Amino acid sequence: MKLNLAILLTLFRIAAIPAVVICFYSPLPNARPIAAVLFGIAAVTDFIDGWVARRFGQTSRFGEFLDPVADKLMVAIVLVMLVQAQSHWFEDIIAMIIIGREITISALREWMATIGERANVQVSFSGKVKTTLQMFGIAFMVYQNDLFGIPIYTVGFVLLVAAAIMTIWSMIFYLKAAWPFIMADQNDDSQG
């Protein structure tokens, strides 16, 4: 494995997860805002590493594998922390939708790759919008404190609800693209 800037940015995102967790649970003053800033910096690397990889010819199979793993780990772990800290049913539902979608689409992409059709479930624009809303929403919810009179947690929650809606929308998009292959597989089984 050859380390390059794109992979280092992705590895930073993974390394930031324990730091976010430690800050989130720390009793120190401003621990949650510090955790939110760390999460935000890590989230920005998600947008930068892909651009760096394409711009400077640093794409690799390892990077293509590691990037979505880093994203999903970061989002799932921090969503679980928020659910644990806020114990309201609506946060639970949003977390279930987002984490459930990530598992479903990861499995779908893996299956599509085994039949040589992975290109049919590549990241779409709606997936990128979902990720952006999700990252801002989670960061604001982690921050928690009002800022200049703005209820940051509430703003984050609204963004996360929008992300959950986009999560469902993008999942439908991916399933629709994969549906002919799923049904072809079903038809092959019934004919065999």
Query raised in the report: If we count other beta carbons within 10 Å of each Cβ, what is the order of Asp92, Asp49, fewest first?
Result: Asp92, Asp49
Query - Label-point separation, Val129 to Ile93 (7 Å along Cα→Cβ), nm - result: 2.2
Requested in this report: Could you work out the longest stretch of the chain that avoids the chymotrypsin sites (Phe, Trp or Tyr not before Pro) located in DSSP loops with at most 14 other Cβ atoms within 10 Å?
Outcome: 57-147
Requested in this report: Run through all the Cα pairs of the range 59-140 and give the fraction in each 5 Å bin from 0, expressed as whole percent.
Outcome: 3, 12, 21, 26, 17, 11, 7, 3, 1
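Compute the whole-percent fraction of alpha carbon pairs in the chain spaced more than 32 Å apart.
Working: 3823 of 18336 pairs.
Of all Cα-Cα pairs in the chain, 21 percent lie more than 32 Å apart.
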Report task. For the range 86-96, take each phi angle, set θ = phi - 60°, evaluate the Karplus expression 6.51 cos²θ - 1.76 cosθ + 1.60, and give the result in whole Hz per residue in order, putting x for glycine and proline. Result -> 10, 4, 10, 4, 5, 5, 4, 4, 4, 4, 4
Query - Simple spin-label estimate for Ile165 and Lys2 in nanometres, 7 Å along Cα-Cβ - result: 4.5
Report summary line: Between the Cα axis of helix 152-191 and the main Cα principal axis of the chain, the angle (0 to 90°, nearest 10) is 10
Query raised in the report: Rounded to the nearest 20 Debye, what is the dipole magnitude of the chain about its Cα centre when Lys and Arg each give +1 and Asp and Glu each give -1 at the C-beta?
Result: 500
Query raised in the report: When the Cα centres of the range 38-68 and the range 87-103 are compared, how far apart do they sit, in Å?
Result: 25
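Read-outs: derived from the displayed coordinates by stated rules, not from any lab. Everything quoted here is computed from the prediction, not taken from an experiment. Using ideal geometry, Cβ is built from the backbone for each residue, glycine included, and neighbour counts are taken over all protein chains shown.
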